[in-house]
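This report refers to the structure that appears directly beneath it.
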Amino acid sequence: MASFALAIAFVPTSALAQTPTVSPESVPDVLVRERGTWLPKVAPVEEDYSRNCQGCHGHEGHSVQEVPRLQGRAGWFTHTSAGRAYLVQVPNVLQSSLPDERLAAMLNWLLTQFSGEQLKPGFEPYTAAEVHALRAQRIESVIARRREVVDGLVRAGVIPDAAALAFSLEPGRY
Ligand code: HEC
């Protein structure tokens, strides 16, 4: 029992030495404050994802079947210019409250983090200027645009068929 207690006392101390942490007092979560849990500090880019996107897309880029999976898939869109534009112009991205520079950084992080293997070879990261220009053009129908973009990826041989990017709110099911 004594060694068990010792182990518990030791693990967080050594972990604290390596990982930057956030004090429980600065976290607006009742349990975290009550229990005095020190949380690992996340990079600003991850925090932007958590606050703006994670609620729907999940901590690791996948969640419920009504929301398209980003993990292992989002990178395919970077293979065509229409797909690259779509990633910025999809409504929840275009309308997010993040300024262009942070949105560009977060998209680059998201694509490498969740879907690095699917990225176009030699993928050039989004810049703030590119994001700014793309954000100025709204798409009329996300359903129609997504279908065009996915068909374009099939024609270009990037994905075998539209099923590779299917999710349950696809056209016809909205
Ligand atoms: C309210 C839920 C919700 C939020 C919040 C949200 N998304 Fe989405 N996202 C969706 C849905 C649903 C789609 C499918 C297209 C559509 O209906 O707009 C989508 C599509 C996408 C796509 C295109 C993937 C595809 O297969 O079509 C990307 C990339 C994406 N979202 C990234 C983000 C990012 C980055 C954020 C944060 C800035 C974000 N989303 C916030 C629900 C959400």
I'd like to verify a number: residues in segment 40-76 that are more than 10 Å from the chain's Cα centre (by Cα) and not in a helix (DSSP H, G or I), how many? 12
Could you grab me the full set of residues in segment 96-119 that are touching a residue at least 40 places away in the same chain (Cβ under 8 Å) and among the charged types (D, E, K, R)? Arg102, Glu117
I need a count of the residues in segment 96-145 that are in contact with a Leu (Cβ under 7 Å, 6 or more places away or on another chain), at pLDDT 95 or above and among the basic types (Lys, Arg). 1
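Mind listing whichever residues of segment 24-33 are surrounded by 11 or more Cβ atoms within 10 Å (Cβ to Cβ) and at pLDDT 85 or above?
Pro24, Val32, Arg33
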Number of positions in segment 34-76 that are under 19 Å from Leu165 (Cα atoms), within 11 Å of the ligand (Cβ to nearest atom), of a type in the set (Gly, Ala, Ser) and surrounded by fewer than 17 Cβ atoms within 10 Å (Cβ to Cβ): 1
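Helices (runs of 4 or more DSSP H) wholly in segment 77-174 with at least 3 residues that are surrounded by fewer than 16 Cβ atoms within 10 Å (Cβ to Cβ) and within 12 Å of the ligand (Cβ to nearest atom) - which ones? I'd like the intermediate steps shown before the answer.
Details: elements: 81-89, 91-94, 100-115, 128-135, 142-155.
Of the helices (runs of 4 or more DSSP H) lying wholly inside segment 77-174, those with at least 3 residues that are surrounded by fewer than 16 Cβ atoms within 10 Å (Cβ to Cβ) and within 12 Å of the ligand (Cβ to nearest atom) span 142-155.
The values are calculated or read from the model by the stated rules, or taken from the named source; none is laboratory data. Just so you know, these numbers come straight off a predicted model, no measurement behind them. Cβ coordinates were reconstructed from backbone atoms using ideal geometry, including for glycine residues, and neighbour counts include every protein chain displayed.
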